[in-house]
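Written below as structure tokens is the structure these notes are about.
The values are calculated or read from the model by the stated rules, or taken from the named source; none is laboratory data. Since this is a predicted model, take the numbers as computed values, not measurements. All Cβ positions, glycine included, derive from the backbone under ideal geometry; neighbour counts span all protein chains shown. Side chains included, ligands, DNA and RNA excluded: accessible areas come from the protein's heavy atoms. Shrake-Rupley method; radii C 1.70, N 1.55, O 1.52, S 1.80 Å.
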Amino acid sequence: MRYKITHTTHYQYAQPVNLHPHSLRLCPRSDGAQWLQSFDLSYSSTPVKEISFLDAYGNTCNKITFHEPLSELKIQAVSKVHTTRTNPFDYLSEPWAVQLPIDYPTSVETQLSPYLTKSFGSTVAPNVVQLATSLAAESSGNVSDFLLRLTQLIPNMCTYQQRLEGEAYAPGVTLEKKSGTCRDFTVLFMAICRAVGLAARFVSGYQEGDLSYQHDLHAWAEVYIPGGGWRGFDPTLGLAVGDRHVAIAASLNPKHAAPVTGTLKTTEPIQTQLITNISIEAQAEAQVESQEQ
């Protein structure tokens, strides 16, 4: 699939404010299944300084700095992306990584160790551990079966709700409430994977057929499958990730995959309004080929 994505983030302040430098993770990545064709950033006010770099997780980051007070900040990112993974299962697992628990070679485990950390917080909630153990038993320890069962279980067990602001719930809380947003479901999915020794990370991005009438930023998880690399699983939609998802950033947790982060240079509370609009235009390969002929 080929996508043109326009993502507008608009902050409006009750009075002019000074801003600390803001970090933007809005540039889709390029990898074996997703190719960035073009990317453009524009602003309502021109930054005095703008730099682009890779963060600690390998995500493209733009940092912008303003010196003058602003009454609004409008950021628009326009991306053109070509996704190619029509089969999300186009891999062959390493023989030693087919059954749980996986006995990772030392070199691999060292690289994955941050993503194998079992808890989101100080402890692992007992209900999360219980569910992970139960699913592992039901799947007879088969990694692929475990992941598919988990991906489909969460949306069948939990009700989706829209919550645009706030951090993700702790995994045990989401499991107890049996409701949440895509970021809540993703963090729960990751915790269950990590509880059985599967490396998992948080991904932010776009999905063509989002649950709402208007597109919102979406979230899903990626699990490292030896022999297949990082593979996406969407516990909100209950499916393995293919060519209808566009990834922007991946990290250990939601905080480091946020599209825009930054603070105001004031200790006083300032009334702020945030308006986000995401437009996704999609073209199938057949449409593109027909236009090119």
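Considering the Cα trace of the stretch 1-104, what is its radius of gyration and what is Dmax, both in angstroms?
When restricted to the Cα atoms of the stretch 1-104, Rg and Dmax are 19.4, 61 Å.
Can you tell me the alpha carbon radius of gyration of the stretch 58-182 divided by the globular rule-of-thumb value 2.2 N^0.38 Å?
My calculation over the Cα atoms of the stretch 58-182 gives 1.45.
Among all the lysines, which ones have a C-alpha under 26 Å from K118's C-alpha, if same-chain residues fewer than 8 places away are not counted?
Excluding near neighbours in sequence, the set is K177, K178, K255.
Relative to the compact globular guide of 2.2 N^0.38 Å, what is the alpha carbon radius of gyration of the stretch 1-50, as a ratio?
The stretch 1-50 yields a ratio of 1.51.
Identify, among Y13, L100, A33, the residue whose Cα sits farthest towards the positive end of the charge dipole of the stretch 1-106, taking +1 on the Cβ of Lys and Arg and -1 on the Cβ of Asp and Glu, with the dipole about the Cα centre.
Y13
Rounded to a whole number, what % of the accessible area of the chain do carbon and sulfur atoms account for, probe 1.4 Å?
C and S fraction of accessible area: 49 percent.
Per residue and in Å³, how big is the convex hull formed by the alpha-carbon atoms of the stretch 142-221?
99
Can you tell me which of K118, K265, K74 moves the most in a GNM of the chain? Springs connect C-alpha atoms under 10 Å apart.
Its mean-square fluctuation being the largest, the pick is K265.
What ranking, highest mean first, results for peptides 177-189, 58-70, 157-169 when packing means the other Cβ atoms within 10 Å averaged over each residue?
177-189, 58-70, 157-169
Which percent of the Cα-Cα distances in the chain go past 23 Å?
58
According to the square roots a ≥ b ≥ c of the eigenvalues of the Cα gyration tensor, what is the shape class of the stretch 115-261, taking rounded for a/c under 1.5, prolate for a/b larger than b/c otherwise, and oblate for the remainder?
Since a/c stays below 1.5, the shape of the stretch 115-261 is classed as rounded.
How long is the stretch 111-187 along each principal axis, judged by its Cα atoms, biggest number first, in Å?
Between the extreme Cα coordinates on each principal axis of the stretch 111-187 lie 37, 29, 23 Å.
Can you grab the distance from the C-alpha centre of the stretch 35-64 to the C-alpha centre of the stretch 128-173, Å, no decimals?
Cα centroid to Cα centroid, the span is 34 Å.
Give me the dipole magnitude in Debye, nearest 20, for the stretch 8-86 about the Cα centre, with unit charges on the beta carbon: positive for Lys and Arg, negative for Asp and Glu.
Dipole about the Cα centre, nearest 20: 220 debye.
What is the dipole size for the chain, taken about its Cα centre, with +1 at each Lys and Arg Cβ and -1 at each Asp and Glu Cβ, in debye to the nearest 20?
In debye, rounded to 20, the chain gives about 500.
Using helices alone, I'd like the mean residue ellipticity at 222 nm for the chain: each DSSP H run of four-plus residues gives -39500 (n - 2.57), total over residue count, nearest 500.
So the helix-based figure for the chain works out to -6500 deg cm²/dmol.
Please compute the Kirkwood hydrodynamic radius over the stretch 214-278, one decimal place, Å, based on all pairs of different Cα atoms.
14.8
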